[in-house]
Amino acid sequence: MNFDHLFSTAHGEPLASAKLKATPQDFVVEETLSFPLSGEGEHLYLYLRKTNANTDWVSRQLSRQLGVPQRDIGYAGLKDRHGVTAQWFSLLRRHDTEARLEKLQIEGVELCDVIRHTRKLRKGAIKHNHFSICLRDLDAEPARLQQRLQTIVQAGVPNYFDEQRFGRQRGNLEAATAMFARQLKPSRFQRGIYLSAARSWLFNLILAERVLQQRWHRAMAGDVFWLNGTRRFFVADALDASITQRLQEGDIHPTGALWGAGELQSRQDVAKLEQAIIENWPVLRQGLIDARLTQDRRPLRVLPQAMTHSYDHAQHCLQVSFNLPAGAYATAVLREFVVAE
């Protein structure tokens, strides 16, 4: 069963197919941090524009060429390897860092800016990622395409984790299962990838069920709600008109479980739904608990912001751009109107 069939779309079947990432410039991501840089301090922040280079590889190149231990290098999030991605890296400054920086040469990487700051860059410290995407050889009826994109802006999309998180042919999930069975001893970095894959898979299954019930953007008894633009969530005492209105306005979003140790934060119908799905995956369920990950929540819905598009009829090319918060994937938006190949 393929990814798209298992994790249903919310707004109907895709309207067309298209080529995604035919060139690196067809997929551009620009990161904006959630805090201002002070211009002073012992950490250097480097704004790098990368072409077909993944974040971890660039981090290791910075460590090697600048003589900075890997533990002293920070970044806010992993970016796609295929495409042009601009993001911040931080590193603890040493006496010769600036001199080494002048000689920095990493294939496919351009140093765009350098600013000092007082603390290391931590994962998740992103206000938003701006995506600018060109979909080629797309042949869709303009009126239907316009209507679908308007629906996406107004209602949002299911906040699925991207298929790449699970590895080629879901190899990361298989590795997670082997790791939990103590048949595999991964590196620290690999362990993080496998734990994330297992947790993300269970979340996607929960979200997919809510999509089938058309409850991914509507309240259910026992829901835990995420306050938009924050990292805070709450359980409503009652599902009254104010909750419905706040959901419609995008002020709050229902959430799904990110599995781990501790008490499930949802209640009533939502808790029953989540527990029933999790129980079907006992190895992943117990493995995440044994790994000492704690229960957490993730919004079931994401609302693309500042969304624009233009369509070149002669070239059958759609240019679309939008902002997404940290942890959300552009593919979750694209799959709601196009099959990207």
- Could you figure out which of (1) over 15 Å from the mean Cα position of the chain (by Cα); (2) within 22 Å of L258 (Cβ to Cβ) isn't true of Q183? (2)
- Query: Counting just the residues of the stretch 192-224 that are under 23 Å from G12 (Cβ atoms) and polar (S, T, N, Q), which one comes out surrounded by the fewest Cβ atoms within 10 Å (Cβ to Cβ)?
  - Reply: Q214
- Message: If I filter the stretch 148-186 down to residues being part of a helix (DSSP H, G or I) and among the β-branched types (V, I, T), which single residue comes out as least open to solvent (accessible area, probe 1.4 Å)?
- Response: I152
- Query: Just one of the numbered conditions (1) farther than 29 Å from T151 by Cβ; (2) of a type in the set (A, V, I, L, M, F, W, C); (3) open to solvent by less than 70 Å² (accessible area, probe 1.4 Å) is not true of F189; which one?
  - Reply: (3)
- Query: Looking at T9, T97, T32, which one is touching an Asp or Glu at 6+ places or on another chain (Cβ under 6 Å) and either surrounded by fewer than 13 Cβ atoms within 10 Å (Cβ to Cβ) or among the β-branched types (V, I, T) (or both)?
  - Reply: T9
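Each row is one residue, and each column tells you yes or no for (1) among the charged types (D, E, K, R); (2) within 26 Å of L6 (Cα to Cα).
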| residue | (1), (2) |
| --- | --- |
| A221 | no, yes |
| F234 | no, no |
| E249 | yes, no |
| P254 | no, yes |
| R267 | yes, yes |
| A271 | no, yes |
| N280 | no, yes |
- Kindly list, by first and then second residue, each pair from a residue in the stretch 74-94 that is of a type in the set (S, T, N, Q) to a residue that is open to solvent by less than 10 Å² (accessible area, probe 1.4 Å) and not in a strand (DSSP E or B), limited to pairs with Cβ atoms under 6 Å and residues at least 6 apart or on different chains. S90/L121
- Query: Looking at (1) over 21 Å from H128 (Cα atoms); (2) touching a Lys or Arg at 6+ places or on another chain (Cβ under 6 Å), can you tell me which one Q87 breaks?
  - Reply: (1)
- Message: So for the stretch 230-238 (the condition being at pLDDT 95 or above, touching a helix residue (DSSP H, G or I) at 6+ places or on another chain (Cβ under 6 Å) and either open to solvent by 70 Å² or more (accessible area, probe 1.4 Å) or of a type outside the set (D, E) (or both)), does at least one residue qualify?
- Response: no
- Query: Are any residues in the stretch 36-57 open to solvent by 40 Å² or more (accessible area, probe 1.4 Å) and either over 20 Å from G124 (Cα atoms) or in a loop (DSSP other than H, G, I, E, B) (or both), and if so, which ones?
  - Reply: P36, L37, S38, G39, E40, E42, T51, N52, N54
- Given (1) in contact with a Leu (Cβ under 7 Å, 6 or more places away or on another chain); (2) more than 30 Å from D290 (Cβ to Cβ); (3) open to solvent by 20 Å² or more (accessible area, probe 1.4 Å); (4) not in a loop (DSSP other than H, G, I, E, B), L145 misses just (3)
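Per-residue answers, yes or no, for (1) over 27 Å from the mean Cα position of the chain (by Cα); (2) among the small types (G, A, S); (3) under 21 Å from K21 (Cβ atoms); (4) assigned to a loop (DSSP other than H, G, I, E, B):
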site	(1), (2), (3), (4)
F89	no, no, no, no
H95	yes, no, no, yes
R119	no, no, no, yes
R122	no, no, no, yes
K127	no, no, no, no
F131	no, no, yes, no
L138	no, no, yes, yes
- Message: Going by what's in this entry, would K120 be described as in contact with an Asp or Glu (Cβ under 9 Å, 6 or more places away or on another chain), surrounded by fewer than 20 Cβ atoms within 10 Å (Cβ to Cβ) and either within 21 Å of M307 (Cβ to Cβ) or of a type in the set (D, E) (or both)?
- Response: no
- Item | Where R267 falls short, out of the listed (1) basic (K, R); (2) within 26 Å of R182 (Cβ to Cβ); (3) touching a residue at least 40 places away in the same chain (Cβ under 8 Å) | (2)
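The values are calculated or read from the model by the stated rules, or taken from the named source; none is laboratory data. These numbers come from a predicted model, not from an experiment. Neighbour counts are summed over all protein chains in view; Cβ atoms, including those assigned to glycine, are modelled from backbone coordinates with ideal geometry. With ligands, DNA and RNA removed, areas are computed over all heavy atoms of the protein, side chains included. Shrake-Rupley method; radii C 1.70, N 1.55, O 1.52, S 1.80 Å.
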